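Here is the structure we will look at.
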Amino acid sequence: MKRVISYVLLILVFFLIQNNIFAASSLIMTVPNLLMILVFSFGFIRGSLEGMLIGFFCGLLNDLFFGNTIGFTALMYSVLGYGMGLIGNLYYTDFVNLPLLLCLFSILIYHIGIYVFAFLINGYGSFGSYLSNVALPELLYTGIMTLLLYPLIRRVEELIQKWESRKARNYA
């Protein structure tokens, strides 16, 4: 139960920071995708099921506030969280280089999905302009934030595990 409460708080904090603090900043025209960092990180660290569930709730929250269709971002985040969980089971590492590359790959796949299902099917714009104006700036900004946030998220996960194991020892 405490893990669920911790996840809900993390999702809400990342959502609020992404959509209030970074969105209000006039320094850069894009916003880092902090929710994707959260989905990727917990999928990579905890596995497919938790990555998929966190992805679903992060995407649903994003869809409810900003989406034209409810469920599209939730589906994309869920699939990416599940996929990162599979990769995390095979290649888990404590170093930040592989997680950074996988996070950037997740963002790129997410933007390709958005382009295909939101723009290409409706006949809007070219992929080159979408890539250079939207996807690459967000990719760069999210990559920088991944370097800062992934070690923090790993530390939070370690604290949650210690909290759970201490509680289990008290009952044993």
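The values are calculated or read from the model by the stated rules, or taken from the named source; none is laboratory data. Values in this document were obtained by computation on a predicted structure and should not be read as measured data. Here Cβ is always computed from backbone atoms with ideal geometry, including for glycine, and neighbour counts include all displayed protein chains.
A compact table of results
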read-out: Residues (hydrophobic (A, V, I, L, M, F, W, C) and within 11 Å of I54 (Cβ to Cβ)) located in the range 1-36; value: V4, V8, L10, I11, F14, L35, M36
read-out: Positions within the range 1-12 being in contact with a helix residue (DSSP H, G or I) (Cβ under 9 Å, 6 or more places away or on another chain) and farther than 17 Å from L64 by Cβ, in sequence order; value: K2, R3, S6, Y7, L10
read-out: Qualifying positions in the range 2-21 - among the polar types (S, T, N, Q) and surrounded by fewer than 19 Cβ atoms within 10 Å (Cβ to Cβ); value: S6, N19, N20
read-out: Subset of the range 80-109 that is among the β-branched types (V, I, T) and crowded, with 19+ Cβ neighbours inside 10 Å - its residue that is farthest from V8 (Cα to Cα); value: I87
read-out: The one condition in (1) among the aromatic types (F, W, Y); (2) farther than 16 Å from R46 by Cα; (3) buried (at least 19 other Cβ atoms within 10 Å of the Cβ) that F66 fails to fulfil; value: (3)
read-out: Candidates F117, F127, filtered to the one that is surrounded by 11 or more Cβ atoms within 10 Å (Cβ to Cβ), under 22 Å from G43 (Cβ atoms), hydrophobic (A, V, I, L, M, F, W, C) and modelled with pLDDT under 85; value: F117
read-out: M76 being in contact with a Gly (Cβ under 6 Å, 6 or more places away or on another chain), modelled with pLDDT of 90 or more and in a helix (DSSP H, G or I); value: yes
read-out: Checklist (1) without any contact (Cβ under 8 Å) to a residue 60 or more places away in the chain; (2) in a helix (DSSP H, G or I); (3) over 15 Å from the mean Cα position of the chain (by Cα) applied to Y124, failing item; value: (2)
read-out: Failed item, numbered, when I70 is tested on (1) farther than 15 Å from M36 by Cα; (2) in a helix (DSSP H, G or I); (3) without any contact (Cβ under 8 Å) to a residue 24 or more places away in the chain; value: (2)
read-out: Qualifying residue in the range 22-42 (condition: among the hydroxyl-bearing types (S, T, Y), within 25 Å of L159 (Cβ to Cβ) and surrounded by 21 or more Cβ atoms within 10 Å (Cβ to Cβ)); value: yes
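Every residue, every condition in (1) farther than 15 Å from M84 by Cβ; (2) in contact (Cβ under 8 Å) with a residue 60 or more places away in the chain; (3) in contact with a strand residue (DSSP E or B) (Cβ under 8 Å, 6 or more places away or on another chain), yes or no:
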{"site": "R3", "(1), (2), (3)": "yes, yes, no"}
{"site": "L16", "(1), (2), (3)": "yes, no, no"}
{"site": "N20", "(1), (2), (3)": "yes, no, no"}
{"site": "N33", "(1), (2), (3)": "no, yes, no"}
{"site": "G47", "(1), (2), (3)": "no, no, no"}
{"site": "E50", "(1), (2), (3)": "no, no, no"}
{"site": "C58", "(1), (2), (3)": "no, no, no"}
